[in-house]
1. Working carefully through the options K180, K197, find the one that is at pLDDT below 80, part of a helix (DSSP H, G or I) and surrounded by 13 or more Cβ atoms within 10 Å (Cβ to Cβ).
2. Name the single residue, out of those in region 226-265 being of a type in the set (S, T, Y) and in contact with an Asp or Glu (Cβ under 8 Å, 6 or more places away or on another chain), that is nearest to E199 (Cα to Cα).
3. Consider A623 carefully, then state whether it is within 15 Å of S691 (Cβ to Cβ) and either part of a loop (DSSP other than H, G, I, E, B) or not aromatic (F, W, Y) (or both).
4. Only residues that are open to solvent by 60 Å² or more (accessible area, probe 1.4 Å) and either among the charged types (D, E, K, R) or free of Cβ contacts under 8 Å to residues at least 12 places away in the same chain (or both): list them for region 103-118, please.
5. Between a residue in region 233-258 that is under 17 Å from F270 (Cβ atoms) and of a type outside the set (A, V, I, L, M, F, W, C) and any residue that is open to solvent by less than 10 Å² (accessible area, probe 1.4 Å) and at pLDDT below 90, which pairs come within a Cβ distance under 6 Å, given they are 6 or more apart or on different chains?
6. Can you name the residue in region 719-747 that is assigned to a loop (DSSP other than H, G, I, E, B) and farther than 17 Å from E773 by Cα and is also most open to solvent (accessible area, probe 1.4 Å) among such residues?
7. Residues in region 676-697 that are within 17 Å of M657 (Cβ to Cβ), out of contact with any Lys or Arg (no Cβ under 9 Å at 6 or more places or on another chain) and open to solvent by 10 Å² or more (accessible area, probe 1.4 Å): how many?
8. Starting from region 20-46, keep only residues that are more than 15 Å from C82 (Cβ to Cβ), then list their pairs with residues that are open to solvent by less than 10 Å² (accessible area, probe 1.4 Å) and assigned to a loop (DSSP other than H, G, I, E, B) whose Cβ atoms are within a distance under 6 Å, requiring at least 6 positions of separation or different chains.
Amino acid sequence: RILAAAAEGCSALLRHRLADVLPIVLHGMEDPIMEVRGLAAFAVGVFSQYLHPEILEHFAEVLPRVFAVLNDPSPAARRRACFVLDTFCECLEKRDIEPFLPALVANICRTIATANDHGNNGNVNGSGGGGGGPEVQAIALSALSSAVAAAEELFAPFAQPVLQLLSPFLSMHTPNLPAKGGPHHHASGASGSEMTKREAQLHSRCRALECCGLIAKCVGRLPEVRPLVPDLVAVALQGLTADSPSEIREYAHGMLACVASVLGDDFAPFLPHCIPLALQSIAQDDGAECDGDDEDEDEDEDEDEDDEDGDGDNDEEGRMKPQRPFQVRTGVLDEKCGATQALGMFAAASPVACLPYIPSILQALSRPDPDCKDPAKGSGRRIGLAHYFHEDIRRQACEAYPRLVLATHQALCLGSVGGSNGSNSNGSNSDGNNVNHQQKLSKSEKNALCAKTPLAADTLQVLEEAAHVLVHGLVDADMIVASAALNSVAALLKKPEENDGGDDEGDKGVMASQILTVSDLSAAAMDAALAAAGNGEKLPEGVTWTRVLIAAAARTAALVLKGESECQQYAQNDNDNDDDDNAAGDEAELAGDMEEELIVAAADFIPALAEAMGGSLFAPFFAIELLPAILSRLRPRIPEEVRAVALGCLAETFEKMGPAASSHVESILPILLREMRTEDPINRQNAVYCSGILAAAAAQAGGAQFFALPYSQQILSALQPIVASNKEKPGVKDNAMGCVARLLSAPGGAATLPLDALLPPLLANLPLKEDFEECDAVYGTLCHLMTCDQAARVAAHVPAIFKALGAAVVHREVKKEVKAKIRITVKALREKFAEHLDPIVAGLPVEQSAALLA
């Protein structure tokens, strides 16, 4: 128990002693005393929450012990074991979970299936492995969902039997319970334990719906699972009946969103059923009351008097200070969140079929409510869900808007392929062949068509409404809303593949060029946009929200990185004014997590803008408006996790800028060399990666002259202890290999650098172990070295190079594009040097040689 508390309160210190502490806790999981076993399992769960990612290095030791506790006679111990698996799986990636996946699924499924074997009271007499009742089932179902999310497509062999196991939960009778946050009235004669049981049954059905949705999302595209997807839609629709608890409806909307992301355009037949139900969830009354204008007149007068005395809600520059939003949580609120998210996903999945519904969706998101003030800003009207009283709703609204904008643009572009704009005057599909016609286009063809098509009037109208909401979101008092607004603006600039996590196939976002064409990125535009959103002022005559959207996001990103954004100031003031020390500590921890998410959003927006603008246009804007803010987060006293985010932002931004980043080598490289010596492996990894990106950009700009300067030697010297260390993290070494590869493949690199000194350690550290995004740089460089004008200098290393390439072409994590490049290179070399290379290929394992020659 003490170690669990220490992990939560002193994680920064304990993570460095995890190797000493963990054996004690694992030994406790085998203790003969039941309470000790349960508390030890609980401690491991807390470790997985607060000692991440260090705990992942020990998952091979932890998971077998947890499996054993799942068979413990004590229901309490089994509950805690499920908790451990849930939290652990949330942190694992699929390559980590793969060796344990069969045992993990088998143990969790057995726990779910046998939880009621000894009656609903959870008493177990005899051997372990069963009992615990609905509460154990609910936690086990949550752990199963986490396992599915971690395994992704590797879960395919287990999908059908797991769906069969979940079937009873999907149709089980769920008692009507009070909504979350409301009063809990016991039924006549019902005890507290019975109410807990009922709540556990409700939780089980919710988690079963969640798990089914994740299975559909992860493996629903596979032929053996795809036929089951329509049945999942039917199950979700059953959960959206009027008599279902709001919690069930929340998870049913989430399940439908997952299915839509899998089916894409094939989800179109379900839209007439799903969209009206989602709109009904959004429109329902949640019971929250909001003061109208008349009721607050006296309060406003008092505030005005305070302002005259200098004690009001304006800061020194006269701007309105952020106001505390009214916060309450109900089951209906969560249902509204799920419905709002689902509507955005429906639009993204099937744009053409969803086009007729977009006006109704927009009305639900931005419907004026003149009887209610906007508590997030302190005055003015609340506008639908976009300015709802609770931050989670405002966040979901911000995230939905870019999907609706992109869907409108894509629908109007793709609908025109079939001979119309996709809808007629009465809002119905005008041509049933439109969807079928546009389905014939590949994803890259659709993106290319949309990217070169001017924005239609309808799209511009939706974009203007979205820009209005998003600029207000950027100055929201809550950090999670500001994060969502930044992410949403970035989504408008990114490729659709980047937004949905698919393969990267395009040059730029389908709307990036069109939005930037009408954007004003001047400092005046930044000031005007944020002032208008923050103070309720009007934009200058003739200026639209669309025009200032990118400028407002860029200024917000800079303010966030400096710690000076509206929501950060509000959070700081709120913590300073909290008199309850315990509450202040909890709120400060929560605010820290939210601020980290906010900083990550800002760091993600900057490279998205760099790619959309292009390096040459972005470079001067970056140097003036954004780089100083990033550097402010790289001072030595800044927390290491924040510096890691700033380093990642620099690396991704320089990569998008290309040669235009070369001017920053002299000022940035000393910072990177310092971070390569830090104790934190994530910082080292990001600094190494950024060094390689920046050096490659400088070499592209300056050619061989770059290698006459001291920078490349400084980088290689800093890499030497990293490469030589047996204790270095695999990810750091992978990025070091990528850095070396980028130097070798840069113009003049192979001719200037000592190949005989660099190639042996590079080849010795292959294959890559963790960061497979470096595959293109590393294996592409090896192919380049054997075909460039320095090929004679690498002749002695060809057998080792072919060994590395042979391992790469059979490695599951290496992308097919990289494998194709390797095969093309091998084929070209064999056409010239078959007598020398064929024996080398024949000496490889049969699987590798066959893959190289395929």
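1. Working: K180 fails: part of a helix (DSSP H, G or I).
The conditions single out K197.
2. Taking region 226-265 as the starting set, the residues that turn out to be of a type in the set (S, T, Y) are 241, 244, 246, 251, 261.
If we keep only those that are in contact with an Asp or Glu (Cβ under 8 Å, 6 or more places away or on another chain) as well, we get 246, 251, 261.
Values: S246: 13, Y251: 15, S261: 30 Å.
Top of the filtered list is S246.
3. Criteria not met by A623.
4. Correct list: R110, D117.
5. Hits for this filter: zero, empty list.
6. Step one: filter region 719-747 for residues assigned to a loop (DSSP other than H, G, I, E, B), giving 725-729, 746-747.
Now drop any that are not farther than 17 Å from E773 by Cα, which leaves 725-728, 746-747.
Numbers: S725: 38, N726: 151, K727: 184, E728: 30, A746: 12, P747: 61 Å².
Checking each candidate, the answer is K727.
7. Summing the residues that are within 17 Å of M657 (Cβ to Cβ), out of contact with any Lys or Arg (no Cβ under 9 Å at 6 or more places or on another chain) and open to solvent by 10 Å² or more (accessible area, probe 1.4 Å) in region 676-697 gives 1.
8. M34/S74
The values are calculated or read from the model by the stated rules, or taken from the named source; none is laboratory data. All values derive from a computational prediction rather than experimental measurement. All Cβ positions, glycine included, derive from the backbone under ideal geometry; neighbour counts span all protein chains shown. We work out accessible area using only protein heavy atoms, side chains counted, and drop any ligands, DNA or RNA first. Shrake-Rupley method; radii C 1.70, N 1.55, O 1.52, S 1.80 Å.
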